Amino acid sequence: MEKLKSIILIITIIFLLLSSEYLFLTEFYFAKTYSVQENQKVNITSLPSITKSPTPTYSLIQSIPNKPKGYTPANYMFEGDPQHIYYVPIKTGYFMLNLTGAIVVPPTIYGDFMYVVTSGVMNMTTGEMNELLGCLFAINISDGRVVWLDKFPNQIMTMPLVYKDEVIIGLGNACFLNTTVRGTGENAVIALNATNGKVIWNYTTLGEDMPTPVIYRGMVIEANGNGEVFALNVDNGKLIWQKYLGSYDSMSSLLLVGNIIYFGTANPYMFWAIDADNGQVIWDYNFSTTGLTFGGLDDSSPAYYDGIVVTSYTVHISNITMSEFLVAFNASDGRMLWYLNEGNAPIPKYLESPAPVIYHGVVYHDSPVGILYAVNVTNGKVIWEFLTGPTVSNVDIAYNSYILIQSRVGTLYVLKLNGQMVKSVLTPVMPGPGNLLVTQNSVIMVGINGVVDVIPIYALTGS
């Protein structure tokens, strides 16, 4: 039987590489379900034990092993790059997992592990995540085996960062404690041993820690749901500096350029440039002074290119409809350089404004409006448009030649840089507000339906 499965596997991968279509290989594999052992628990000072919560389960649906080869640098910010071109120069195996819990942000690869975080099971009808449960999985990138996992007493929406063999995550959820503080339950920034998942330190906060922080000069810097930005010692979690802004950050992951961090916040809706060394405000832009009803600015993770920082926001034109905007600032002094109205869409339950991506002077941005825009970063002029359908994720670039973007329902579009479609494929992954991850030989997709899918990039691009 095993010999027969091996023959089928070899034939299948050859066909996959030669085919112009995306193939699912689940019929050739038997799903294996694993459970966490009772000793796999989190004991964090000042955070409650959650050993009585349901034990997370996961299924390895398929696996085509491949020995990892390449270099995996430490990841110090959201999607590893100020332009949000998420690429890791390593070869992986091909596999598919179902981790059950919603995966909101992209994974991180470091060494032989891919770190993936989940936020409890999402109701796929309502889009709600009501469990105060988060998990960090360490997955072998050669074959998809889960090596270890830890569970925590709140959701995890930060992309894991790795520094000095520590994995940094944040706990938090989108509920409101009151009118000024977002995030109920236990909120914290936590450092774990990257090899075995043991907690090294934690720093508890009032308000969620959902945005992905940055690591800068031995500090973990985070903006959170309590309207503050703060810096912790990366080795021990001790507070170094703290600045109260009075405006909360939801999912606007911090952008680090030199010694300046950029991010957006809500109520009031403001965009910030903060000195990473001491927390002092360099400049800010207040959208709320116009009297309009805004959204999305606290969700969008900004990108940077050649002295320009780009982000996105929405204006609510009724209780059910919004307009999506892309906006660019001078990174040094905060002057608004241009803005672009991308169209109208129904207001989604959660994230309104996905992150922009900048490649060779072109901004790529998709949104719930359902149109992928290619825009000149200098003057905001539209170069081309492509209809994708409502989208909450951002694009990635493969082989310096292809644009990859997933719509909200999981359709993966492969485009040339001029906007011409190469192919579209319906995948089993329903993406959250993050990016695809491109490696030397694979594309890694993760979704709010709990699916992790690692596929050959050749099957998509043919090169």
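Only the coordinates and a few stated rules stand behind these numbers; no lab work does. If you're wondering where the values come from, they're calculated on a predicted model, not measured in any experiment. All Cβ positions, even for glycine, are placed from backbone atoms using ideal geometry, and neighbour counts span all protein chains on display.
Give the average over all directions of the projected area of the C-alpha convex hull of segment 365-463, one decimal, in nm². Let's see the in-between values first.
Details: hull surface 23.8 nm².
That works out to 5.9 nm².
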Cα-Cα pairs of the chain separated by more than 44 Å (percent): 7 percent
Residues of segment 223-262 with backbone N under 19 Å of the label point set 7 Å from the Cα of Lys198 along Cα→Cβ are 235-237
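How would Phe137, Phe176, Phe386, Phe329 line up from fewest to most surrounding beta-carbon atoms within 10 angstrom? List each step's numbers first, then the result.
Working: Phe137 26, Phe176 15, Phe386 18, Phe329 23.
Fewest-to-most Cβ neighbours within 10 Å comes out as Phe176, Phe386, Phe329, Phe137.
Using the structure shown, list the pairs from Lys151/Lys349; Lys198/Lys238; Lys164/Lys238; Lys69/Lys164; Lys349/Lys381; Lys67/Lys423 with a Cα-Cα distance above 24 Å, or answer none.
On the way: Lys151/Lys349 26 Å; Lys198/Lys238 18 Å; Lys164/Lys238 17 Å; Lys69/Lys164 21 Å; Lys349/Lys381 30 Å; Lys67/Lys423 29 Å.
Distance filter (> 24 Å) returns Lys151/Lys349; Lys349/Lys381; Lys67/Lys423.
Restricting to Cα pairs below 8 Å that are 6+ residues apart, what does the relative contact order work out to for segment 2-461? Please round to a whole percent. Walk me through the numbers on the way to the answer.
Working: 1352 pairs, mean separation 58.0, N = 460.
Relative contact order comes out at 13 percent.
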Working out 0.36 nm times the residue gap between Ser424 and Asp333, then minus their Cα-Cα distance, what length gain in nm do you get to one decimal? 28.6 nm
Under a point-charge model restricted to the Cβ atoms of Lys and Arg (+1) and Asp and Glu (-1), what is the dipole moment magnitude of the chain relative to its Cα centre, in debye to the nearest 20? 940 debye
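Would you kindly state how much longer the chain becomes between Asp284 and Lys69 on full extension, computed as 0.36 nm times their sequence separation minus their alpha carbon distance, in nm to one decimal? Provide the component values of the computation, followed by the final result.
Values: separation 215, 0.36 × 215 = 77.40 nm, distance 4.35 nm.
Residue separation times 0.36 nm, minus the Cα-Cα distance, leaves 73.1 nm.
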Cβ under 11 Å from Ser301's Cβ, Ser301 left aside: what net charge do those residues give with Lys, Arg +1 and Asp, Glu -1? -4
